[in-house]
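Okay, structure first, notes after.
The values are calculated or read from the model by the stated rules, or taken from the named source; none is laboratory data. This is a predicted model, so every value here is computed, not measured. Heads up, the Cβs are rebuilt from the backbone with ideal geometry, glycines too, and the neighbour counts pull from every protein chain shown. Surface areas here come from the heavy atoms of the whole protein model, side chains and all, with no ligands, DNA or RNA. Shrake-Rupley method; radii C 1.70, N 1.55, O 1.52, S 1.80 Å.
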Amino acid sequence: MSNKTTIGDKFRTYLKHPGSFIVMLLVMLSAIITFAVLIFLIAYILINGVPHITPSLFSLEYTSENASVVPALVNTIIMTLLSLVIAVPFGIFSAVFLVEYAPRGNKFVEIIRLTTETLQGIPSIVYGLFGMLLFVNALGWGFSLLAGAFTMAIMILPLIMRNTEEALKAVPDSYREGSFGLGAGKLRTVFRIVLPSAIPGVLAGVILAIGRIVGETAALMYTSGTVAQIPDSIMGSGRTLALHMYTLSSEGLYMNQAYATAVILLVLVVGINALSSFIARKLTKA
């Protein structure tokens, strides 16, 4: 009863101020539209994709008859792990330098921040062309998972770096001062006190990076190639799930399999997000 009274009181308060009431309506409308669009997209994918998920779709070998997603799924996992192994250490250590070691107000630091923000706004196809020119052609790696992983690492590096930087800034200075007061050095304070406290924010950046890797097509089309098989090594060509879905739909012959691939991709992303959130909660409690 008290909750209803509180909500009613708030509503009457908004009515007394027309400007606040209009803003409240706009905010509620925006939230409802956003939620409705999300539900519509998920429902559309599930309705069109779930009926076409068949056992042949999970065959170990891709053929023109089954359009199996297994090779693409394996390639997606390999691509994600390779990209994170390359980008995460650089992103975290760069953020630690900017927040904990670099002098505040330094021009060089400002240039680095401006550069990372600029890199975040570059279209993915530009990264793909850069990766093709450097990794595929200049370094002679050819169309390979390694070339694609390095290209994706460059793409997600600014994202991880900026999220980690903001997470480190959110750690109260009292944590650092307390650690220094107990006799801990700078290195121990950063890696035993500050970074563990910033883990949820760091993982948020990693989750966003994983989402970008899993959903990327343009950059990988020019670097990892579109071969629908699991390569023998990271120097071989292979397509990821998103690229597999794009290829199937662009051919126009496997639209049902493309929708089914979209469902699998959706489940994969949700699963990764749930796992990352679970790990974040466990690390925070620890």
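Which one, Tyr101, Tyr127, Tyr222, has the greatest fluctuation when you compute a Gaussian network model over the chain with C-alpha springs under 10 angstrom?
Maximum among the listed residues: Tyr101.
Sorted by packing (mean other beta-carbon atoms within 10 Å per residue), highest first, where do 19-26, 249-256 land?
Packing order, densest peptide first, comes out as 249-256, 19-26.
For the chain, what is the calculated [θ] at 222 nm in deg cm²/dmol (nearest 500), taking -39500 (n - 2.57) for each run of four or more DSSP H residues and dividing by its residue count?
Calculated mean residue ellipticity at 222 nm is -23000 deg cm²/dmol.
Among Leu208, Leu145, His244, whose Cα lies farthest out toward the positive end of the dipole of the chain, if unit charges sit on the beta carbon of Lys, Arg (+1) and Asp, Glu (-1)?
Leu208
For the stretch 171-234, with the dipole built from +1 on Lys and Arg beta-carbon atoms and -1 on Asp and Glu ones, taken about the Cα centre, which of Ile199, Ser174, Tyr222 lies farthest toward the positive end?
The listed residue farthest towards the positive side: Ser174.
Choose one answer from Phe150, Phe130, Phe40: the residue with the largest mean-square fluctuation in a GNM of the chain with alpha-carbon springs under 10 Å.
Comparing Phe150, Phe130, Phe40 in a Gaussian network model of the chain, the most mobile one is Phe40.
Run the dipole for the chain about the Cα centre, Lys and Arg Cβ at +1, Asp and Glu Cβ at -1, nothing else charged, and hand back the magnitude in debye, nearest 20.
1220
Out of [x] 23.4, 71; [y] 18.7, 59; [z] 20.7, 75, which label holds the value of Rg and Dmax of the Cα atoms in Å that was computed here?
[x]
Protein chains only, probe 1.4 Å: how do Thr115, Thr34 rank by accessible area, largest first?
Thr34, Thr115
What whole number of Å gives the distance from the Cα centroid of the stretch 113-159 to the Cα centroid of the stretch 200-218?
About 15 Å separates the Cα centre of the stretch 200-218 from the one of the stretch 113-159.
Determine the relative contact order of the stretch 111-204: mean sequence separation of Cα pairs under 8 Å and six or more apart, normalised by residue count, in whole percent.
It rounds to 26 percent for the stretch 111-204.
Can you tell which of Thr223, Thr189, Thr76 shows the greatest fluctuation in a Gaussian network model of the chain with Cα springs below 10 Å?
Fluctuation is largest for Thr189.
Helix by helix through the chain, keep the DSSP H runs that span 24 Å or more along the axis on Cα and average at least 1.6 on Kyte-Doolittle, and give those back in order.
Long hydrophobic helices here: 18-49, 70-96.
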